[in-house]
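Structure record follows, encoded as structure tokens.
The values are calculated or read from the model by the stated rules, or taken from the named source; none is laboratory data. Computed from a prediction, not measured in an experiment: that's the story for all the values here. Cβ sites come from the backbone with ideal geometry, for glycine too, and all protein chains shown count toward neighbours.
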Ligand SMILES: [Zn+2]
């Protein structure tokens, strides 16, 4: 594994953003996916050709990250009692972002309560968020990606939408980027996997074939022959974006090929929770289950 720097992620804020992203992806009446994954934006199209650390999913998540508006909504639509905890939780997470400027809320926020004048607290908070806007937004996008990248069903649905955009615009893409598309107007295979990406997929999929659950950890450490598979195959208008991959064994990779978009959400939990075997002690009894 390549060395990955440890970071304090904004997991509470990110969980809320992730849930918005999931809802909006399913509800196409609400949102035009093609506005976010805009084929006339060269940076976005480049992600379809070659994996990058900033993925198409990052661009999509960006649409749902607006800390200034979140503060404004809490201020306008909620009582102080309702807004206080979400605002403080936000601050606790923003404070930990490296290079954040002018964090001066320790005096106004003590014991998880806002002290002093609420309106001037809000206006200070807004100018702090404006000053650090890009930094906060990038951190929220990065943190939200960590959650959504774990969910292969979501990645499948997201990349399915990306493939619809590619299919819809295949003529344009083929004429604007002739080197990157095949003569069937699908995106050309990219055979160079960056190590950070292979490591991330291997780590996320916990070294097991996503489909048949074969343990691939030995193969990976010895000669790295485990297969990185496009969840939505290129032949079905999938892309080379970093969000469109999963780990497969040789045999599942050969049989899945370019025909299906099979994936699943099988994973290794922290522990198994066999709810039928877990017994609560009887009401009033002193017995404690070990
Ligand atoms: Zn397999």
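Annotations for the structure displayed:
- Any hit, the range 218-237, residues being buried (at least 17 other Cβ atoms within 10 Å of the Cβ), away from the ligand (no atom under 13 Å from the Cβ) and on the phi > 0 side of the Ramachandran plot: yes
- Restricted to helices (runs of 4 or more DSSP H) entirely inside the range 17-134, those with at least 2 residues that are at pLDDT 90 or above are 42-49, 56-62, 67-77, 80-94, 118-131.
- Any hit, the range 145-152, residues being in a loop (DSSP other than H, G, I, E, B) and touching a helix residue (DSSP H, G or I) at 6+ places or on another chain (Cβ under 7 Å): yes
- Among the residues of the range 244-263, those that are within 12 Å of the ligand (Cβ to nearest atom) and out of contact with any helix residue (DSSP H, G or I) (no Cβ under 7 Å at 6 or more places or on another chain) comprise 249, 250, 251, 252, 253, 254, 255, 256.
Yes or no, residue by residue, for (1) farther than 30 Å from residue 243 by Cα; (2) exposed (fewer than 13 other Cβ atoms within 10 Å of the Cβ):
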| residue | (1), (2) |
| --- | --- |
| 79 | yes, yes |
| 91 | no, no |
| 99 | no, yes |
| 114 | yes, no |
| 134 | no, yes |
| 139 | no, no |
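- So residue 70, is it crowded, with 16+ Cβ neighbours inside 10 Å, over 30 Å from residue 185 (Cα atoms) and out of contact with any strand residue (DSSP E or B) (no Cβ under 9 Å at 6 or more places or on another chain): yes
- In the range 178-196, residue surrounded by the fewest Cβ atoms within 10 Å (Cβ to Cβ) [restricted to those that are modelled with pLDDT of 95 or more and outside any loop (DSSP other than H, G, I, E, B)]: 179
- Any hit, the range 163-181, residues being over 18 Å from residue 59 (Cβ atoms), away from the ligand (no atom under 16 Å from the Cβ) and under 24 Å from the mean Cα position of the chain (by Cα): yes
- Filter result for residue 212 (touching a residue at least 40 places away in the same chain (Cβ under 8 Å), within 16 Å of the ligand (Cβ to nearest atom), out of contact with any strand residue (DSSP E or B) (no Cβ under 7 Å at 6 or more places or on another chain) and outside any loop (DSSP other than H, G, I, E, B)): no
- Here residue 205 meets the list (1) within 16 Å of the ligand (Cβ to nearest atom); (2) under 19 Å from residue 37 (Cβ atoms) almost entirely, failing just condition (2).
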